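One structure below.
None of the figures in this text is laboratory data; all of them are computed from the coordinates on show. Predicted model, so just to flag it, every value in this text is computed and none were measured. Glycine also receives a Cβ, built like all others from the backbone with ideal geometry; neighbour counts cover every protein chain displayed.
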C-alpha cells in the first residue's frame, strides 16, 4: 500500500503582545511621525500611509522592545545547523509603520534579503465588528503557486484529511497580535473596509554573524 508524507511545511508564528501601555506608546509614536511626514512612501501599499523604514530611530524604546520581541520569536524558530547550541547569528531589524483607512490594501510582495518578516497589529481597525465583509485580511500565498496549476488549474493537492489544499490562506488580524513568517513567503492585505483605522508595524529581520567576542 502506498504511503504519503507531507514535506517542506512553511512556519507561520502567531503570538499576542501583552502590554496595553506599549501598544498606546507605539500608536503615539506612529501618529507623531505621520504628522511630521504626511506623504510617507509608496512601496506595496495601495492607499493608506507607509512610513519610512527608520522606525527603530523615531519609535523610541517601545519600537526597540517590539523588535526585541520579534527577534526572540525568530530565535525560538531558527537553528544554526553548524552550531545548534550557540548560534553564530543574530538579527538586524528594520521596521516601519502602516496606517490604513477604508479601501487601503497591500499588493502581493515578499521581502528579499531578510530571513524572517513580522507584522504587529497596533489597532485592527474593526472596532469590535466581526463582519467578514470588512476585509483587511492578511493573505499568504503558497510559494509553489501558480506553477503547478498552470497546466491543470482545477486540480489541487490533497491534504491529510482528504480536503483540497488551498493556494492562499487568509488571516483576520486582531489588535495586539504579532505574526511572523519566512521573508520569501508572498503576502498581501485585502482591501480594508472597517470603520476604524488599521495601524500595523512591519519588521524585517536580516541574519548577520555575531561580532567576535
Handout entry: Full-extension gain in nm, residue 32 to residue 86, via 0.36 nm per residue minus C-alpha separation
Key = 15.5 nm
Exercise for the section: When a/c is below 1.5 the answer is rounded, else prolate if a/b is larger than b/c, else oblate, so apply that to segment 83-154 with a ≥ b ≥ c taken from the square roots of the Cα gyration tensor eigenvalues. Expected result: oblate
Practice task
Restricting things to alpha carbons, find the Rg to Rh ratio for segment 64-113 using the Kirkwood radius for Rh.
Solution key: 1.11
Completion exercise
In vacuo Debye sum over C-alpha of the chain, base-10 log of normalised intensity I(q)/I(0) at q = 0.12, 0.15 Å⁻¹, listed in q order, is -0.70, -1.03
Handout entry: Mean Cα-pair separation over length for segment 93-209, i.e. relative contact order, pairs under 8 Å, 6 or more apart, %
Key = 58 percent
Practice task
Express in nm, to one decimal, how much length is gained between residue 210 and residue 139 on full extension, taking 0.36 nm for each residue of separation and deducting their alpha carbon distance.
Solution key: 22.2 nm
Problem - Column: log10 I(q)/I(0), Debye, Cα scatterers of segment 42-141, q = 0.12, 0.20, 0.23 Å⁻¹ - result: -0.52, -1.19, -1.37
Completion exercise
For the chain, averaging the sequence separation of alpha carbon pairs under 8 Å that lie six or more residues apart and dividing by its residue count, the contact order in percent is 33 percent
Practice task
Quick one: among 44, 19, 114, which has the greatest mean-square fluctuation in a GNM of the chain with alpha-carbon springs under 10 angstrom?
Solution key: 19
Fill in the blank from the handout: With only helices counted (DSSP H, runs n ≥ 4, each -39500 (n - 2.57)), the per-residue ellipticity at 222 nm for the chain, to the nearest 500, works out to -6000 deg cm²/dmol
Problem - Two-site label geometry, residue 76 and residue 195: point separation in nm, points 7 Å out along Cα→Cβ - result: 3.5 nm
Exercise for the section: Alpha carbons only, please: Rg and Dmax for segment 2-81, in angstrom. Expected result: 17.8, 63
Completion exercise
Expressed in angstrom and ordered largest first, the alpha-carbon extents of segment 135-203 along the principal axes are 41, 25, 24
